[in-house]
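Student: Before I ask anything, here is the structure I am working with.
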Amino acid sequence: MSRIPVHVAFIMDGNGRWAQVRGLPRHEGHRRGAAVVKKILRVAEKNGIKYVTLFALSSENFLRRSEFEVNFLMNLCEKFLKKYSKTLCEKEVRFRAIGNLSRLPINLQLAIEKLTRSTAHFDRFHLTIALNYGARNEVIRAIGNLLQNKNVDVENLTWKGFEQYLYTKDLPDPDLIIRTSGEQRLSNFLLLQSAYAELYFTKTHWPDFNEKEFLLAIEDYGTRERRMGKTNDKAND
Ligand code: IPE
Ligand code: IPE
Ligand code: MG
């Protein structure tokens, strides 16, 4: 394959619709969706991708979905972390969670803290899960923290300086954002970090997303010309 993205972020959408068309409850879609994550991580590693970020629950989902659904998702996440913590450590995967974690159930917070701590020294592959994450909240929080820091020279603030206040401070910007289920929007995900990300949309619902689809997305990424504000190569001739 030609050019491989360093950081791929997924908006794992369509679990509910996947279940509904099969006459199943929405949470069955979430359960099936969680099973896809493991396979996708393996494909990412195999293809030399170094960072994977998963949008698992937005701040809006947290506020606006039924208590049952939110609890189900929280439980699923906790089970996932507990089930795979050993494998993640063995495979030297550095784990992080981003979002307003303080609002999550305490058991999930503890599982996150434990795995974050036990994988903090790894650098081979980075898995980040966005939970109760919203880009607008992230910016408001960043500004609040920045203003509390008396050493900050606000007048000479650069993007590099501001970035340090984001949840993603230790992560490179995503090169490729993949959203499943046919929706073509970012839904408050990594709005600033995605300034120059390539976007890829597929109609496939997340529980049906697979290696073949992922490889198609990577291949498509390889054909994109990432100009980052410059003219294209031919124009420079
Ligand atoms: C994505 O699937 C998972 C979460 C947002 C938690 P959805 O639950 O949004 O599924 P649809 O979009 O209703 O099909
Ligand atoms: C975005 O999906 C959040 C996640 C996939 C976790 P939504 O299903 O919540 O997005 P909207 O509401 O369709 O924009
Ligand atoms: Mg959705």
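The values are calculated or read from the model by the stated rules, or taken from the named source; none is laboratory data. Treat the numbers as computed from the prediction; the structure is a model and nothing was measured. Positions of Cβ are generated from backbone atoms using ideal geometry, with glycine treated the same way; all protein chains shown enter the neighbour counts. The area values use the complete protein model at the heavy-atom level, side chains included, leaving out ligands, DNA and RNA. Shrake-Rupley method; radii C 1.70, N 1.55, O 1.52, S 1.80 Å.
Student: Given the options L63, L215, L76, state which has the largest fluctuation in a GNM of the chain using a 10 Å cut-off (strictly under) for Cα springs.
Tutor: L63
Student: Please quote Rg/Rh for the stretch 31-160 to two decimal places, taking the Kirkwood radius as Rh and restricting both calculations to Cα atoms.
Tutor: Checking Rg against Rh, the ratio lands at 1.01.
Student: Now a separate question. Is there a quick way to get the dipole size of the chain? I mean about its Cα centre, with the Cβ of Lys and Arg at +1 and of Asp and Glu at -1; what is the value in debye to the nearest 20?
Tutor: Dipole size: approximately 680 debye.
Student: Moving to a separate point now. Name the residues whose placed amide hydrogens come within less than 5 Å of the amide hydrogen of A97, ignoring near sequence neighbours (fewer than 5 apart) on the same chain.
Tutor: I129
Student: What whole number of Å gives the distance from the Cα centroid of the stretch 83-112 to the Cα centroid of the stretch 159-237?
Tutor: A separation of 24 Å, based on Cα centres.
Student: If you don't mind, there's one more thing I want to ask. Counting only C-alpha contacts under 8 Å and six or more residues apart, can you give the relative contact order of the chain as a whole percent?
Tutor: 29 percent
Student: Now for a separate question. Given a 1.4 Å probe, how much area per residue of the stretch 25-76 is accessible, in Å²?
Tutor: Value returned for the stretch 25-76: 50 Å² of accessible area per residue.
Student: One-quarter of the Cα convex hull surface for the chain, in nm²?
Tutor: The Cα convex hull of the chain, projected and averaged over all directions, gives 15.0 nm².
Student: Given N residues in the stretch 141-237, what is Rg(Cα) / (2.2 N^0.38 Å)?
Tutor: 1.41
Student: Right, something else. Where is the GNM fluctuation largest for the chain (alpha-carbon springs, 10 angstrom cutoff): I40, I177, I11?
Tutor: Checking each option, the largest mean-square fluctuation is seen for I40.
Student: Now a separate question. D13's amide H: which non-local residues (gap 5+, or another chain) put their own amide H closer than 5 Å, with H modeled 1.01 Å from N in plane and none for Pro or chain starts?
Tutor: Amide H neighbours of D13, under 5 Å, 5+ apart: T180, W206.
Student: Suppose every Lys and Arg Cβ carries +1 and every Asp and Glu Cβ carries -1, with no other charges. What dipole size does the stretch 115-237 come out with about its Cα centre, to the nearest 20 debye?
Tutor: 340 debye
Student: Another question about this same structure. Just reorder H126, H121, H27 by solvent-accessible area, largest first, 1.4 Å probe, all chains present.
Tutor: The ordering from most to least exposed comes out as H121, H27, H126.
Student: Still on this structure, I have one more. Give me a comma-separated list of calculated 3J(HN,Hα) values for the stretch 60-70, in order, Karplus coefficients 6.51, -1.76, 1.60 applied at θ = phi - 60°, integers in Hz, x for any Gly or Pro.
Tutor: 6, 4, 4, 7, 9, 9, 4, 4, 4, 5, 5
Student: From the helices alone, meaning DSSP H stretches of at least four residues, give me the mean residue ellipticity at 222 nm for the chain, per-run term -39500 (n - 2.57), in deg cm²/dmol to the nearest 500.
Tutor: -13500 deg cm²/dmol
Student: What accessible area per residue, rounded to a whole number of Å², is obtained for the stretch 123-179 using a probe radius of 1.4 Å?
Tutor: Counting only protein heavy atoms, the per-residue value for the stretch 123-179 is 55 Å².
Student: Could I ask something else about it? Roughly speaking, to the nearest percent, how much of the chain's 1.4 Å accessible area is carbon and sulfur?
Tutor: Of the solvent-accessible surface of the chain, carbon and sulfur hold 50 percent.
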